[in-house]
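Written below as structure tokens is the structure these notes are about.
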Amino acid sequence: MRKFVNALVVIPLGILFVIFAVANRHLVTVSFDPFNSVDPSVAVSMPLFVVMIAAAIAGVAAGGIATWFRQRHWRRAARRHEAEARQARAQLADLRAGTMTPSRYDPQRLSAPLQGGGYGASGRDKQGATL
């Protein structure tokens, strides 16, 4: 199914690319000299479709780089959370193996539960619901 959808997208794009290239094959001069437009020192003559496709590729690359820099905070957070999860899994494995003593959770230190479910003598919360 994925190959079919891929072909359904790629084949029409390829046909459009060929039609665009054939329709825009005349030469244009691309000048990088803003001060002398009559006789530029740096100029290249190439087909128009090459100029437009090169500009599109440069735009996609610039957008990808900008997005990559903008997402650095998320990548850093993901690395930090992955390290914390790895550390927690290692601690859990140590606890299950019995080689580590629990630091935060100690069942003997827990207080006895309050009578009535912890919501007063009647066992109801503020709105009167029974829990």
Practice prompt. Can you pull the one-decimal nm distance between simple spin-label points at LYS3 and ALA93, each 7 Å off the Cα toward Cβ?
Written response: 4.0
Item to complete: Pull up all non-local amide H partners of VAL30: gap of 5 or more, or a different chain, and H-to-H distance under 5 Å with H placed in the peptide plane.
Response: VAL44, SER45, MET46
Discussion item. Could you tell me the relative contact order of the stretch 16-103? Use alpha-carbon pairs under 8 Å, at least six residues apart, and round to a whole percent.
Written reply: 18
Item to complete: Rank these by accessible area, largest first, 1.4 Å probe: VAL60, VAL51.
Response: VAL60, VAL51
Response to the item:
Placing each pseudo-label 7 Å from Cα in the direction of the beta carbon, SER41 and LEU16 end up separated by a distance in nanometres of 4.1
Worksheet item: Which order do THR99, THR67 take when ranked by solvent-accessible area (1.4 Å probe, heavy atoms of all protein chains), largest first?
Response: THR99, THR67
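The values are calculated or read from the model by the stated rules, or taken from the named source; none is laboratory data. As the structure is a computational prediction, the values presented were derived from the model and not from experiment. Heads up, the Cβs are rebuilt from the backbone with ideal geometry, glycines too, and the neighbour counts pull from every protein chain shown. Calculation scope for accessible area: heavy atoms of the full protein, side chains included, ligands and nucleic acids excluded. Shrake-Rupley method; radii C 1.70, N 1.55, O 1.52, S 1.80 Å.
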